[in-house]
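Just below is one structure, and these are the notes that go with it.
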Amino acid sequence: MSRIGLMPIPVPQGVKVNIKGNEVTVEGSKGKLVRSFHPDMSITLKDGSLIVARPSDNRNHRALHGLTRSLLNNMVEGVTKGFEKVLELSGVGYRAQKAGNKVSLQIGFSHPVEFTPPAGVEVMVEGTNRLRIVGIDKEAVGETAAQIRALRPVDSYKGKGVKYAGEKLRLKPGKAGKAALKG
């Protein structure tokens with residue numbers, strides 16, 4: 001039994017849910033999200049909460065049950081609270097500037113790197129070395145953060161690059177540290 005799939009999703013006040021076949025529309029104070037789900041999963045709205053049911057205990061149905069419930073929950077949470085990821089730039093001369101919708105990143109290359117976020121995702125620059133990525137779609141926010149981080153992943157020797165806020169880094173000792181360990 002999927003323990004996650006069986007949990008009902010409470011729908012807060014002010015959130016409208018429209019179910020047409022396998023397409024669900026969730027509309028709230030922050031915006032509107034539309035997503036189509038697998039046709040085998042049945043989604044119903046009962047007493048102010050969304051319930052996901054599966055037709056059988058088939059392996060694929062069990063997997064889809066929890067996935068569908070999680071995606072629906074993220075939709076409801078996104079239109080009420082929203083999602084955010086915070087990135088930090090660490091390194092000498094590493095900085096970010098916002099120019100209109102684009103973000104200009106100076107991350108150790110000979111030229112600044114321009115990044116344009118997708119629709120529905122906003123990138124805010126806090127100070128010179130902190131980026132806050134905000135949106136209502138959890139997938140789009142996470143993907144945007146991963147794309148920015150992939151422009152200059154953290155160097156494992158010096159710790160320079162783009163990292164998530166709160167990410168723990170294990171720096172390697174390098175040549176000098178290796179020689180000290182042997183002696």
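The values are calculated or read from the model by the stated rules, or taken from the named source; none is laboratory data. None of the values given here were measured: they were computed from a predicted structure. Ideal geometry is used to build each Cβ from the backbone, glycine not excepted, and the neighbour counts take in all protein chains shown.
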How about the range 115-152: which of its residues are within 22 Å of residue 75 (Cβ to Cβ), in contact (Cβ under 8 Å) with a residue 60 or more places away in the chain and of a type in the set (Val, Ile, Thr)? 136
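Considering each of 109, 115 in turn, give the residue that is among the aromatic types (Phe, Trp, Tyr), at negative phi and touching a helix residue (DSSP H, G or I) at 6+ places or on another chain (Cβ under 7 Å).
115
Residues 86, 52, 11, 34: which one is on the phi < 0 side of the Ramachandran plot, modelled with pLDDT of 95 or more, among the β-branched types (Val, Ile, Thr) and surrounded by 14 or more Cβ atoms within 10 Å (Cβ to Cβ)? Explain how you work it out, then say what you get.
Working: 52 fails: modelled with pLDDT of 95 or more; 11 fails: modelled with pLDDT of 95 or more; 34 fails: surrounded by 14 or more Cβ atoms within 10 Å (Cβ to Cβ).
Criteria check complete, one pass: 86.
Hey, which of the strands (runs of 3 or more DSSP E) in the range 12-81, taking only ones fully inside, have at least 2 residues that are under 22 Å from residue 139 (Cα atoms)? Before you say what the answer is, go through the steps one by one.
Working: elements: 16-20, 23-27, 32-36, 42-46, 49-53.
Because the criterion is at least 2 residues that are under 22 Å from residue 139 (Cα atoms), the strands (runs of 3 or more DSSP E) in the range 12-81 that meet it are 16-20, 23-27, 32-36, 49-53.
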What is the number of the single condition among (1) touching a helix residue (DSSP H, G or I) at 6+ places or on another chain (Cβ under 6 Å); (2) outside any loop (DSSP other than H, G, I, E, B) that residue 89 does not meet? (1)
Residue by residue through the range 96-109, note down the ones that are assigned to a loop (DSSP other than H, G, I, E, B) and either modelled with pLDDT of 95 or more or closer than 21 Å to residue 83 by Cα (or both). 101
